[in-house]
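Heads up: the structure comes next, in structure tokens.
The values are calculated or read from the model by the stated rules, or taken from the named source; none is laboratory data. For clarity, every value in this text was computed on a predicted model and none was experimentally measured. Because the Cβ atoms are built from the backbone with ideal geometry, glycine has one as well, and the counts that use them run over all protein chains shown.
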Amino acid sequence: MSISFGTARLLRYIVASAAKFSESAVIYVSPDRFTFKAIDPSKSALLVFTIPREVALQYDVESEQQLAVNLEDLAKVFRSAEKDDSVTLSWTEASLTVSFERKGFSRVFTLPLASVLEEVPEVEVEYPNTYVISPNELYEALSGLKDVGDVLRVEGDADSVRLRAESELGEAEITLSRERGSLEEAEVNQPGFSVAYTMELVQHVRPVVKVAERTSLKVGSELPLYLRMESHGSSVDFYVAPRAE
């Protein structure tokens, strides 16, 4: 069984991001979709990458399966992925094969599958606030705040969302708003919220934001941060648990 996807570069950033907070990932495949999940040991961060069957270049899956892979090894393989590469993933009961293809030239890597499958929970949360943000603006905002503090506070109202880095030495704030064009849409049912998250965890997914075609942020008081990135018909859902205050 195998699946081919048009852009290996996107998977490169996803795997690299997941490897920063988790040692392994679980891949769920079915006749309808391919899903890649990684969760950190403290269950404070969860990444879910989904490729629907209809957006794959080739999709040869006849039954449901679960595969476990070592992320450090997989990240090393994907470091060789180049901008114009397509990627094919194929598997047996014992191994995962990754093939990069470009202009008739292919590079093939085979990794053993991990023996232990970690149970990754489903997230079922209703969010009161949703912001659609320009991917470039969100990437620049996160880049500007990453070295300022170890806490990222998110606040917002109907017309803007504020990202504030906090530390014992000071703070810095960036506002994304409709007026400035960085906020594309906002559906806000709980204005005035204020939630703190661990900056390091949020920053793990910043490279994926950079290559996304659309990004949305869902948030609410005492709720996990939910960042959704969409590209080439696929989606990356990233959750970060709130900090205790």
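Quick look at the values:
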{"quantity": "Given (1) surrounded by fewer than 19 Cβ atoms within 10 Å (Cβ to Cβ); (2) out of contact with any helix residue (DSSP H, G or I) (no Cβ under 9 Å at 6 or more places or on another chain); (3) part of a strand (DSSP E or B), index of the condition LEU111 fails", "calculated": "(2)"}
{"quantity": "Boolean, VAL69 is in contact (Cβ under 8 Å) with a residue 24 or more places away in the chain, under 19 Å from HIS232 (Cβ atoms) and assigned to a strand (DSSP E or B)", "calculated": "no"}
{"quantity": "All positions within region 213-243 that are over 11 Å from VAL123 (Cβ atoms) and assigned to a loop (DSSP other than H, G, I, E, B)", "calculated": "GLU213, GLY220, SER221, GLU222, HIS232, GLY233, ARG243"}
{"quantity": "Lone unmet requirement of (1) modelled with pLDDT under 95; (2) outside the structural domain of PRO41 (by TED's automatic domain parsing); (3) touching an Asp or Glu at 6+ places or on another chain (Cβ under 8 Å) for GLU122", "calculated": "(3)"}
{"quantity": "PHE105, sole failed condition from (1) among the aromatic types (Phe, Trp, Tyr); (2) more than 22 Å from ARG206 (Cα to Cα); (3) surrounded by 13 or more Cβ atoms within 10 Å (Cβ to Cβ)", "calculated": "(3)"}
{"quantity": "Filter result for ALA56 (among the hydrophobic types (A, V, I, L, M, F, W, C), within 30 Å of ARG162 (Cβ to Cβ) and out of contact with any Asp or Glu (no Cβ under 9 Å at 6 or more places or on another chain))", "calculated": "no"}
{"quantity": "Residue in region 153-170 that is under 29 Å from PHE5 (Cβ atoms) and among the basic types (Lys, Arg) present", "calculated": "no"}
{"quantity": "Selection count, region 12-55, where residues are over 25 Å from VAL202 (Cβ atoms) and crowded, with 22+ Cβ neighbours inside 10 Å", "calculated": "1"}
{"quantity": "Boolean, LEU74 is closer than 30 Å to ILE174 by Cα and either outside any strand (DSSP E or B) or in contact (Cβ under 8 Å) with a residue 60 or more places away in the chain (or both)", "calculated": "no"}
{"quantity": "Index of the failed condition, LYS83 passing every other in (1) without any contact (Cβ under 8 Å) to a residue 60 or more places away in the chain; (2) assigned to a loop (DSSP other than H, G, I, E, B); (3) farther than 16 Å from TYR28 by Cα", "calculated": "(1)"}
{"quantity": "Qualifying residue in region 67-76 (condition: among the basic types (Lys, Arg), in the same structural domain as LYS20 (by TED's automatic domain parsing) and at pLDDT 95 or above)", "calculated": "yes"}
{"quantity": "Residues within region 162-211 that are closer than 17 Å to PRO135 by Cα and of a type in the set (D, E, K, R), tallied", "calculated": "8"}
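Residue by residue, here is whether (1) buried (at least 18 other Cβ atoms within 10 Å of the Cβ); (2) touching a residue at least 40 places away in the same chain (Cβ under 8 Å) holds:
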site	(1), (2)
ASN129	yes, yes
ILE133	yes, yes
GLU140	no, no
GLU187	no, yes
VAL195	yes, yes
LEU201	yes, yes
VAL219	yes, yes
MET229	yes, yes
